[in-house]
Amino acid sequence: MAINGNGAIKTMDKAMKGALTEKKCVKVTYRKSVFSSILTGITWGASILAFSVLIFLVGFILIRGVKHLSLDQFSWTYTTENVSMLPAMINTVSMTLGSLVIAAPLGIFAAIYLVEYANNRGKLVGIIRITAETLSGIPSIVYGLFGMLFFSITLHMVYSMMSGACTLAIMILPLIMRTAEEALKSVPDSYREASFGLGAGKLRTIFKIVLPSAVPGILSGVILAIGRVVGETAALLFTAGTVAKVAGFKDSGRTLAVHMYALSSEGLYMDQMYATAVVLMVMVLLINGCSSMIAKKITKK
């Protein structure tokens with residue numbers, strides 16, 4: 001008895017389709033335990049609570065502060081009548097740039113040494129990491145006292161923007177170093193091996209391959225450092241002072257956060273304090289947005 005090859009193939013196709021249809025009809029059901037439902041509810045509740053707190057804080061600042069914004073508060077010279085915040089805004093930008101110019105290169109190069117050269121070996125690496133973690137937990141007022149004793153008095157910087165920038169650089173150095181270290185660790189080793197295979201040296205591989213790949217993670221640490229610099233008050237009260245003027249690096253001046261503290265401590269300009277809070281929040285959002293855009297452009301390149 002002859003068997004048709006095409007018929008056999010058709011019969012096999014029908015059998016396979018039938019088997020697949022039976023598999024599709026099978027439904028897998030999972031029983032939800034009470035503990036799983038409780039954990040899901042706690043997670044949703046915590047998320048909603050955190051988001052609600054954020055919305056409440058932003059809304060409270062905007063409602064209390066936007067209506068008190070005026071052009072007089074953006075005058076070049078501070079007086080008791082206009083309570084201008086423009087000098088504090090300029091000082092905030094210069095203080096942020098000054099501290100980052102000092103801390104960012106030191107933190108990034110320290111992270112490169114720990115990841116690319118030290119390779120998690122030796123007691124020195126452990127000491128550096130423990131020191132960085134310890135510095136991250138020190139209160140800012142202790143940094144302020146150290147900055148006053150060392151930079152302002154010992155190095156004769158007196159109350160100046162430079163003294164405040166050096167103090168803040170020490171504060172944000174562990175943060176930048178640790179985030180840069182984690183960003184460098186996240187770069188796959190295959191990138192380095194491919195670069196070495198093409199004949200590139202160690203230094204060229206780091207600056208041409210590894211660092212560009214780690215830029216988004218490094219910039220996230222820089223953004224966090226900027227947030228800490230912009231919102232710092234205690235350390236700057238002991239090092240930079242509270243003079244309400246546009247200050248050079250050798251002069252005493254106040255940042256926006258110190259300006260808010262001064263207005264609230266006086267108790268006479270509470271409305272202007274809320275207006276300053278609005279400007280400070282907008283500045284932080286703009287800085288974070290610009291940093292994110294720069295990170296995306298670098299990543300695309």
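The values are calculated or read from the model by the stated rules, or taken from the named source; none is laboratory data. Please read all numbers here as calculations on a predicted model, not as lab measurements. Here Cβ is always computed from backbone atoms with ideal geometry, including for glycine, and neighbour counts include all displayed protein chains. Ligands, DNA and RNA are excluded from the accessible area calculation, which covers all protein heavy atoms including side chains. Shrake-Rupley method; radii C 1.70, N 1.55, O 1.52, S 1.80 Å.
Worth a mention:
Each row is one residue, and each column tells you yes or no for (1) out of contact with any strand residue (DSSP E or B) (no Cβ under 6 Å at 6 or more places or on another chain); (2) touching a residue at least 24 places away in the same chain (Cβ under 8 Å); (3) of a type in the set (S, T, N, Q).
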| position | (1), (2), (3) |
| --- | --- |
| LEU149 | yes, no, no |
| LEU155 | yes, no, no |
| VAL158 | yes, yes, no |
| THR179 | yes, yes, yes |
| SER186 | yes, yes, yes |
| SER190 | yes, no, yes |
| PRO212 | yes, yes, no |
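- Filtered by the rule that a residue be of a type in the set (Lys, Arg) and within 19 Å of CYS290 (Cβ to Cβ), region 178-237 gives a lone residue, ARG228.
- Among the residues listed as THR96, THR131, the single one being polar (S, T, N, Q), open to solvent by 40 Å² or more (accessible area, probe 1.4 Å) and within 18 Å of ILE170 (Cβ to Cβ): THR131
- Residue within region 220-228 that is more than 16 Å from SER99 (Cβ to Cβ), open to solvent by 50 Å² or more (accessible area, probe 1.4 Å), in contact (Cβ under 8 Å) with a residue 12 or more places away in the chain and of a type outside the set (Gly, Ala, Ser) present: no
- Some residue of region 60-75 being open to solvent by less than 30 Å² (accessible area, probe 1.4 Å), under 27 Å from SER291 (Cα atoms) and outside any helix (DSSP H, G or I): no
Let's see how each residue does on (1) within 30 Å of GLU266 (Cβ to Cβ); (2) of a type in the set (S, T, N, Q):
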residue	(1), (2)
PHE146	yes, no
THR154	no, yes
MET161	yes, no
LEU184	no, no
GLY227	yes, no
ALA234	yes, no
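- So VAL278, is it more than 21 Å from PHE109 (Cα to Cα), surrounded by 17 or more Cβ atoms within 10 Å (Cβ to Cβ), out of contact with any Ser or Thr (no Cβ under 8 Å at 6 or more places or on another chain) and touching a residue at least 40 places away in the same chain (Cβ under 8 Å): yes
- Selection from region 115-161 of residues that are assigned to a helix (DSSP H, G or I), at pLDDT 85 or above and not β-branched (Val, Ile, Thr): SER140, TYR143, GLY144, LEU145, PHE146, GLY147, MET148, LEU149, PHE150, PHE151, SER152, MET161
- In region 172-182, of all residues being hydrophobic (A, V, I, L, M, F, W, C) and open to solvent by 10 Å² or more (accessible area, probe 1.4 Å), the one that is farthest from GLY147 (Cα to Cα) corresponds to MET177.
- Residue tally, condition under 23 Å from the mean Cα position of the chain (by Cα) and over 21 Å from ALA277 (Cβ atoms), over region 49-80: 1
- When residues of region 189-208 are limited to those that are open to solvent by 60 Å² or more (accessible area, probe 1.4 Å) and closer than 22 Å to LYS297 by Cα, the one modelled with the lowest pLDDT: TYR191
- A count restricted to region 76-91 and to residues that are closer than 17 Å to SER264 by Cβ and open to solvent by less than 70 Å² (accessible area, probe 1.4 Å) stands at 5.
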